[in-house]
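The values are calculated or read from the model by the stated rules, or taken from the named source; none is laboratory data. Everything numeric in this text was worked out from a predicted model, so none of it was measured. Cβ placement follows ideal geometry from the backbone for every residue including glycine, while neighbour counts extend to all protein chains displayed. Note: areas computed on protein heavy atoms with side chains; ligands, DNA, RNA excluded. Shrake-Rupley method; radii C 1.70, N 1.55, O 1.52, S 1.80 Å.
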Amino acid sequence: MKTPVSTYRLQVRPSFDLDAVAGIVEYLHDLGADWVYLSPLLESEAGSDHGYDVVDHSRVDAARGGPEALERAAAAAHAHGMGVLADLVPNHVGVATPAAMAWWWDVLANGRGSRYAEAFDIDWDFGGGRLRIPVLGSADDVTALRLVAAVDGDGLELHYWDHRFPVASGTAEPGDDPVDVHDRQHYELVDWRRADYDLNYRRFFAVNTLAAVRVEVPWVFDESHVEVLRWLRDGLVDGLRVDHPDGLLDPGAYLERLAERTSGAYVLVEKILEGPERMPPGWPTDGTTGYDALSDIDRVLVDPAGEAPLTALDTRLRGGEPVDWAEMIHGTKRAIADGILRSEVLRLDRTLVDAVAEPVPSVAEPVEASPAAVPSTSSGTVADAVAELLAWFPVYRSYLPFGVEHLHGAAERTVRHRPELGPIVARLLPILSDPGHPAAQRFQQTSGMVMAKGVEDTAFYRYTRLTSLTEVGGDPAEFAIGVDEFHARSRDRHERMPRSMTTLSTHDTKRGEDVRARLDVIAEVPGEWTAILDELRELAPLGDGPLEHLLWQAIVGAWPASRERLHAYADKAAREAGNSTTWSEPDAAFEARMHALVDAVFDDERVAAIVGRAVALLEAPGWSNSLSAKLIQLTAPGVPDVYQGSELWEQSLVDPDNRRPVDFDLRRRILTMLDAGALPQVGAGGAAKLLVTSRALRLRRDRPDLFGDYVPLAASGAAADHLIAFDRGGAIAFATRLPVGLAARGGWGDTVIDIGSAPVVDVITGRRHAGGELRVAELLDRYPVALLAEEGGTA
């Protein structure tokens, strides 16, 4: 089995297709990347930049270059000794354009009689035998339907503005009333608002245009993987990244089938681990896509002393009401369960209500309530209890029987907060704990949806104390960790998941890695930041303190940023937060004030000056944090991924901002300059980051013998707590933490560290050291990081 030493993630799309990938392979090899990591390549919705809305599993998207371009890109990578990692989307397909997705079109045309009806997770009985499609502006809009000749062949179609739908054979003649024809179809077009509570098909989260597929059905697996498996069989790709496995009925069984069909190829799963959560044992996978490592790296660079003053600031911004993270996410998750994912809760309710009324085996319960206490249960009570269990569920999902303790914990919290639900929870618990029960299986698929929408896409925009910590896979209530804890977690990763990916930026991160690195500095200067924020709020008031804090952090963290980028971010952030405006019911007056806030940065000299002062306060120590985070990620245990373009400063915000075009010609020119001996200053442009990235990647690829262990190193002296150092088995990494505090102490002073007796070279600067006890001030006099290797191990 081939295993990457490192990867480089590329967003393949019509504007950067597979031939463009082939064109930069030489640069990626020179940078030091070991594998090319490609976003989804199968045919997707027309114009899709991300590719997660697959419409045809049998072919490479022509807009992304087609099969011949994949062959050229793979050949270019392999010619440079590089592997290829491809992104695989097994959970859902794109159905925004029904005619483009043949399976969906056939189901619409033939209903339950379609061969493809089994491929989708549809509750036909709930819809009266009709599949509900939420596209109408209102129920009355059904009168806007037109019956027209089929676009692509014989027969008729129903058109609703630019939406096309099939007409079942024998249900219409030219001239028939379109509304009557619609009433005879296997689908029902409904008001889009009904998607929240009245759908009868499972989606990807709450995205109506992404319909979930049932890969647990053997033929669905085979037909949805036919092309991807051909890539592996033909040697075009060498490994797979599995998107959103938590949406699958049985992720473990899926991964076992995938391993059989790929002969055990390198496979990663996009699995978010919460805190001490572990991967289910026995899964045939090499690890996660790295959010667990991202969380640890971020937190070791945050000053714990900043927690109390920033908490006080956050409380003041909320009118004196302190916020508890656990309580907040219970509320946001419950709102999701009662709102945009109510359809999923009600489907669970339909599955459970009859079962709960029947006798169930007695089991040891974590709640003090007898199942016999509930002889019968109303549907509403079941739905209420299910929603509470989902809201209190502490991780994305369980994999029964693995993780059943999370369900019991959620039950305990539910009954503690809602004692009246104790009897019904006691009846639900044995059912939801049974791996073979359909309700338990569906609950597991649903809990991840509620977590993602309630936490990542809501609470992360409300909990704004320090927004660099509200990142995918992270717990923002964990403010910081010490160096010893970081080493313990890194050692654990080395022992348990040495081939798991590590990352700092992805297409899903809420902020680019260098935005977060800059914002981490706020924890070191909370007083100065509070004064700056108060000035900004006075000049550009909004009336939503937590959101104001989030927006000003985004502006300062991403600066310099265009007006357009910041307006787009503000819209998304405010509507996701949902406190002062929402996606479904925008508050025009509030959003006008919000956009005036953004405009003030560009149009009001006073605001611009304060923003400039804030950037000046945070920028230089932020650069130090950036280089430290990058070196740690590239040299610590795991397979480091470099997200496209992030070898220079990565100051993007949430998608689609983080999918902007990358200037690879610029990066190639800078790398040529560095290889000619340039040692750039740490500062604007990010050339120093490219230097650190290339030297670490090359050393890791070319000298894997230096990365077989993980041994923490401790410095001694007044500033020893500002150093993170570890020996990977010959490669020794040094990074600076809390740079503001270090400067306040006057620098490294007498701090020293013993690296052993062997002579070494810093592969970043080329400087040689005799070994033994080194003065950290000398080691880090040019850059806040160093990477030492024995002579002959230069990059």
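Can you pull out every residue in region 287-310 that is open to solvent by 20 Å² or more (accessible area, probe 1.4 Å) and within 30 Å of residue 261 (Cα to Cα)?
Narrowing region 287-310 to residues open to solvent by 20 Å² or more (accessible area, probe 1.4 Å): 292, 303-305, 307-309.
Answer for region 287-310, where residues must be open to solvent by 20 Å² or more (accessible area, probe 1.4 Å) and within 30 Å of residue 261 (Cα to Cα): just 292.
Looking at region 423-439, which of its residues are touching a residue at least 24 places away in the same chain (Cβ under 8 Å) and farther than 14 Å from residue 387 by Cα? Spell out the reasoning first.
First pass over region 423-439, keeping only residues touching a residue at least 24 places away in the same chain (Cβ under 8 Å): 423-435, 437-439.
Of everything in region 423-439, those that are touching a residue at least 24 places away in the same chain (Cβ under 8 Å) and farther than 14 Å from residue 387 by Cα turn out to be 423, 426, 427, 430, 431, 433, 434, 435, 437, 438.
In region 557-595, what residues are in a helix (DSSP H, G or I), among the aliphatic types (A, V, I, L, M) and either under 15 Å from residue 654 (Cα atoms) or in contact with a strand residue (DSSP E or B) (Cβ under 6 Å, 6 or more places away or on another chain) (or both)?
First, pick out the residues of region 557-595 that are in a helix (DSSP H, G or I): 557-558, 563-577, 588-595.
Within this subset, residues satisfying the condition of being among the aliphatic types (A, V, I, L, M) are 558, 566, 568, 570, 573-574, 577, 588-589, 592, 594.
Residues satisfying the conditions are 558, 566, 568, 570, 573, 574, 577.
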Which condition does residue 51 not pass, out of (1) at negative phi; (2) of a type outside the set (Lys, Arg); (3) touching a strand residue (DSSP E or B) at 6+ places or on another chain (Cβ under 7 Å), if it passes all the others? (1)
Considering region 593-608 alone, what residues qualify as being of a type in the set (A, V, I, L, M, F, W, C), open to solvent by less than 60 Å² (accessible area, probe 1.4 Å) and more than 28 Å from the chain's Cα centre (by Cα)? 596, 597, 600, 601, 607, 608
Expected single match for open to solvent by 10 Å² or more (accessible area, probe 1.4 Å) and closer than 19 Å to residue 517 by Cβ among 541, 560 is 560
Which of the residues spanning region 699-721 are touching a helix residue (DSSP H, G or I) at 6+ places or on another chain (Cβ under 8 Å) and either free of Cβ contacts under 8 Å to residues at least 24 places away in the same chain or at negative phi (or both)? 699, 700, 706, 707, 709, 710, 712, 714, 715, 719, 721
Answer yes if at least one residue in region 718-733 is at pLDDT below 95 and open to solvent by 40 Å² or more (accessible area, probe 1.4 Å), and no otherwise. yes
The conditions are (1) small (Gly, Ala, Ser); (2) crowded, with 21+ Cβ neighbours inside 10 Å; (3) in contact (Cβ under 8 Å) with a residue 40 or more places away in the chain, and residue 111 fails exactly one of them. Which is it? (2)
Only one of (1) touching a residue at least 12 places away in the same chain (Cβ under 8 Å); (2) closer than 29 Å to residue 631 by Cα does not apply to residue 560, and that is (1)
Please work out which one of (1) crowded, with 20+ Cβ neighbours inside 10 Å; (2) closer than 27 Å to residue 347 by Cα is the condition residue 147 fails and give its number. (2)
Hits in region 389-399 - residues which are open to solvent by 10 Å² or more (accessible area, probe 1.4 Å) and within 20 Å of residue 349 (Cβ to Cβ): 392
Within region 256-268, is there a residue that is among the charged types (D, E, K, R) and in a loop (DSSP other than H, G, I, E, B)? no
In the list 744, 758, 786, 770, which residue meets the criterion of being open to solvent by 20 Å² or more (accessible area, probe 1.4 Å) and at pLDDT 95 or above? 744
Restricting to region 672-696, and then to whatever is touching a helix residue (DSSP H, G or I) at 6+ places or on another chain (Cβ under 6 Å) and hydrophobic (A, V, I, L, M, F, W, C), can you tell me which residue is most open to solvent (accessible area, probe 1.4 Å)? 682
Only one of (1) in a loop (DSSP other than H, G, I, E, B); (2) within 18 Å of residue 180 (Cβ to Cβ); (3) open to solvent by 50 Å² or more (accessible area, probe 1.4 Å); (4) not aromatic (Phe, Trp, Tyr) is not met by residue 140, so which one is it? (1)
Within region 616-643, which residues are touching a strand residue (DSSP E or B) at 6+ places or on another chain (Cβ under 6 Å) and either on the phi > 0 side of the Ramachandran plot or of a type outside the set (S, T, N, Q) (or both)? 627, 631, 632, 634, 638, 639, 640, 641, 642, 643
Residue 51, sole failed condition from (1) free of Cβ contacts under 8 Å to residues at least 40 places away in the same chain; (2) open to solvent by less than 40 Å² (accessible area, probe 1.4 Å); (3) part of a helix (DSSP H, G or I): (3)
All positions within region 512-550 that are under 24 Å from residue 571 (Cβ atoms) and of a type in the set (Phe, Trp, Tyr): none
Please find, among 667, 613, the residue that is closer than 23 Å to residue 530 by Cβ and among the basic types (Lys, Arg). 613
Mind checking which residues of region 7-32 are closer than 24 Å to residue 45 by Cβ and either touching a Phe, Trp or Tyr at 6+ places or on another chain (Cβ under 6 Å) or crowded, with 20+ Cβ neighbours inside 10 Å (or both)? 9, 10, 11, 12, 13, 16, 17, 18, 21
Selection within region 366-387 - open to solvent by 10 Å² or more (accessible area, probe 1.4 Å) and at pLDDT 50 or above: 378, 379, 380, 381, 384
Inspect all residues belonging to region 261-282 and state whether any of them is in contact with a helix residue (DSSP H, G or I) (Cβ under 7 Å, 6 or more places away or on another chain) and among the aromatic types (Phe, Trp, Tyr). no
Scan region 519-535 residue by residue and report those that are open to solvent by less than 10 Å² (accessible area, probe 1.4 Å) and assigned to a helix (DSSP H, G or I). 519, 520, 521, 522, 523, 529, 532, 533
Given the criteria in a loop (DSSP other than H, G, I, E, B), within 30 Å of residue 402 (Cα to Cα) and either in contact with an Asp or Glu (Cβ under 8 Å, 6 or more places away or on another chain) or free of Cβ contacts under 8 Å to residues at least 60 places away in the same chain (or both), does residue 322 qualify? no
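Name the residue, out of 751, 736, that is of a type in the set (Val, Ile, Thr), over 38 Å from the mean Cα position of the chain (by Cα), crowded, with 22+ Cβ neighbours inside 10 Å and at pLDDT 95 or above. Outline the logic, then answer.
Values: 736 fails: over 38 Å from the mean Cα position of the chain (by Cα).
The conditions single out 751.
Answer yes or no as to whether residue 81 is at positive phi, in contact (Cβ under 8 Å) with a residue 40 or more places away in the chain, part of a loop (DSSP other than H, G, I, E, B) and not basic (Lys, Arg). Give the derivation first.
On the way: at positive phi: yes; in contact (Cβ under 8 Å) with a residue 40 or more places away in the chain: yes; part of a loop (DSSP other than H, G, I, E, B): yes; not basic (Lys, Arg): yes.
When the stated conditions are applied, residue 81 passes them.
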Going by what's in this entry, would residue 715 be described as small (Gly, Ala, Ser), open to solvent by less than 10 Å² (accessible area, probe 1.4 Å) and over 30 Å from residue 566 (Cα atoms)? no
